[in-house]
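Here is the structure we will look at.
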Amino acid sequence: MLCKSDQREMGILLVACTLFVLLVAGEVHGSRSHATGEEVKKKFHAPINETSSIRGLIGHVSPHLQDSSDAIVYFAYHGAASAPNGYYGFIGTMDVYGLPLAQGQGSAAAVWISDEGDGAPSSLKNIMIGWDVLPDLYGDSKTHFYIKWTNDGFQSTGCLNLKCNGFQPEKGAAITPGDVIDHVSSPNGAKRNLNLKIIKNGTSGDWLVYCGLDRPPQLIGRFPRSLFTGGFADRAVGITFGGVVSAPITKPTPMGSGYLPTDVKSAASISNIQLVDQNGRAWPVTGDLPKLETNRNAYAVTPIVNGRFYYGGHEQPPMV
């Protein structure tokens, strides 16, 4: 069983670092201190350790971070990385929000399925699926459904959405990677749910992607087994889920709904969390999993209770 407490070890911390590398396809140089107000510095300055497993994940939410002296990336998520036989899929539901962001800001919520290999950047293999708001990449501040993948830490393989050969969309699918999600959740009102299922097909070996907006997930496409080498062609080593943001230190970006999870009525959530084993059986996550927070005073996650947790920060005017 994947979800028993004796199988949840702190190995997730290493995988979490790996996933942070993959959210951005570019190298960064550690965060730096700047002359800002003491209150801003205290709450938002949280340097990221520059290791081979941290570099790179930042480029998704901040593709030009390496050119900015102000931008910092923050993340808050849970994950699993201790099943003896690996992981063969994920099922979960995410609230979807709209965020009026400016150039230089980025926010995403996703599940990251990965294998970090030997720890070298080029050995990282990853699939990411979720929603994002990235003005630098899309040229707008709309919410988009997105996927991203790589077989070598974005050295020579992988891309965002359909910008390269790899992900194969299902003909007639209701949603395609890169599509705008027009109707979004209200922090204090109705919620728009993105229902996800990513599962390893036992016959073809493909990673199948199912998605549904306010309805059960339907097959929208696949990542062929042939895209990946090594163990990731057969299974994942870690699965992580939560949020990541980037912005200048003086202009914080909202994660999730923008509300810290101290206010669970307004904060974003990921629920119905299930992990899939080698037999294709989905095991509900009924207890907590390890977490990683860059700065819990600004962006945080709650413990997982009955397959649900809340996450996010740092405020933003409602946008519906």
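Computed quantities for the displayed model
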quantity	calculated
Residue identified as of a type outside the set (D, E, K, R) and either at pLDDT below 90 or touching a His at 6+ places or on another chain (Cβ under 6 Å) (or both) among S107, S68	S68
Residue within segment 222-235 that is touching a Pro at 6+ places or on another chain (Cβ under 7 Å), closer than 27 Å to C164 by Cβ, free of Cβ contacts under 8 Å to residues at least 60 places away in the same chain and hydrophobic (A, V, I, L, M, F, W, C) present	no
Hits in segment 218-257 (condition: of a type in the set (G, A, S), surrounded by fewer than 19 Cβ atoms within 10 Å (Cβ to Cβ) and at negative phi)	S226, G231, A233
Segments classed as strands (runs of 3 or more DSSP E), wholly inside segment 271-314, with at least 1 members that are more than 30 Å from I249 (Cα to Cα)	282-284
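The values are calculated or read from the model by the stated rules, or taken from the named source; none is laboratory data. This is a predicted model, so every value here is computed, not measured. We place every Cβ from the backbone using ideal geometry, glycine too, and count neighbours over all the protein chains shown.
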